[in-house]
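The values are calculated or read from the model by the stated rules, or taken from the named source; none is laboratory data. The structure presented is a predicted model; accordingly, all values stated were derived computationally and were not measured. Backbone-built Cβ (ideal geometry, glycine too); neighbour counts: all protein chains shown.
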Amino acid sequence: MSEPTPEITVVMPVPPQGLGTPTASSPSARTRILRFVRRQGIWFVPVVAALALWVWSAAFGGFDLGARTGSTLYGFLKEVAIFLPAMFILVGLFDVWVPRRIVERHVGTAAGPLAIVWMLLLGTLQAGPLYAAFPVAVALYRKGASLRNVFIYLGAFSALKLPMLTFEVGFLGWRFSLARTLVTVPVFVLLAYALERLLPPGTRLPEAIPGKGLEKSTVDPAEVSHE
């Protein structure tokens with residue numbers, strides 16, 4: 001009798017992942033790029049357009065709009081590189097050193113009108129472009145500041161900064177600056193309270209770090225400032 005023929009199993013080598021071979025769980029590079037453009041299109045498209053205008057002007061010349069666009073973009077990026085690192089360092093120190101109970105007591109949801117004064121002082125004594133206020137606003141909110149006080153801080157930062165008031169008084173006079181301040185402060189304070197009322201209950205700011213939400217409250221209700 002003839003012996004049975006043994007079965008031969010052919011094992012095909014599996015290409016290692018991460019070397020450019022797309023798998024079911026790993027989207028292709030083109031898909032990742034398109035997903036990134038859709039998600040970041042608000043700022044990605046203008047930046048690419050500005051860069052294209054600047055490159056065209058540098059390569060072919062005679063295109064004043066491209067040169068001015070490139071100069072403006074360079075100035076903006078330089079300003080961001082100067083201000084944002086310092087602001088993130090200060091926000092990180094604030095997040096680590098300032099206890100949540102202190103923020104809740106003075107500018108939390110149950111804090112009284114004195115919280116408006118604290119927010120006005122905080123916004124007035126800072127300097128820098130408006131986008132530098134947003135990391136501070138998020139840090140305040142995560143520490144327990146109410147939404148209305150966060151809005152008041154943003155209003156004070158945009159309208160009452162000391163460097164801006166100094167220039168305003170120098171060019172337009174102290175009477176104009178005083179009148180504008182007396183009109184501006186009540187307006188954005190009322191808007192802050194109105195926005196807090198108009199927002200649906202339970203509204204929260206987006207988390208700056210995925211998975212890291214608000215800190216738990218540690219303040220005693222009896223310690224909250226109602227002044």
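Taking each residue of region 108-130 that is at positive phi and looking for partners that are among the aromatic types (Phe, Trp, Tyr) and buried (at least 17 other Cβ atoms within 10 Å of the Cβ) with beta-carbon atoms closer than 6 Å, six or more apart or interchain, yields nothing.
Kindly establish whether Leu130 is closer than 25 Å to Ala192 by Cβ, under 16 Å from the mean Cα position of the chain (by Cα), of a type in the set (A, V, I, L, M, F, W, C) and surrounded by fewer than 13 Cβ atoms within 10 Å (Cβ to Cβ). Yes, satisfied.
Among Arg100, Arg142, Arg68, Arg148, which is under 21 Å from Thr184 (Cβ atoms), at pLDDT 75 or above and charged (D, E, K, R)? Lay out the reasoning, then the answer.
On the way: Arg100 fails: under 21 Å from Thr184 (Cβ atoms); Arg142 fails: under 21 Å from Thr184 (Cβ atoms); Arg68 fails: under 21 Å from Thr184 (Cβ atoms).
Result: Arg148 is the single residue among Arg100, Arg142, Arg68, Arg148 that is under 21 Å from Thr184 (Cβ atoms), at pLDDT 75 or above and charged (D, E, K, R).
Could you tell me whether region 155-175 includes any residue that is among the basic types (Lys, Arg), surrounded by fewer than 15 Cβ atoms within 10 Å (Cβ to Cβ) and in the same structural domain as Val189 (by TED's automatic domain parsing)? Yes.
Here Gly128 passes the criteria (1) outside any helix (DSSP H, G or I); (2) in contact with a Ser or Thr (Cβ under 7 Å, 6 or more places away or on another chain) except the one numbered (2). Here Gly92, Gly112 are screened, and the one residue that is out of contact with any Phe, Trp or Tyr (no Cβ under 9 Å at 6 or more places or on another chain), in the same structural domain as Asn149 (by TED's automatic domain parsing) and surrounded by 11 or more Cβ atoms within 10 Å (Cβ to Cβ) is Gly112.
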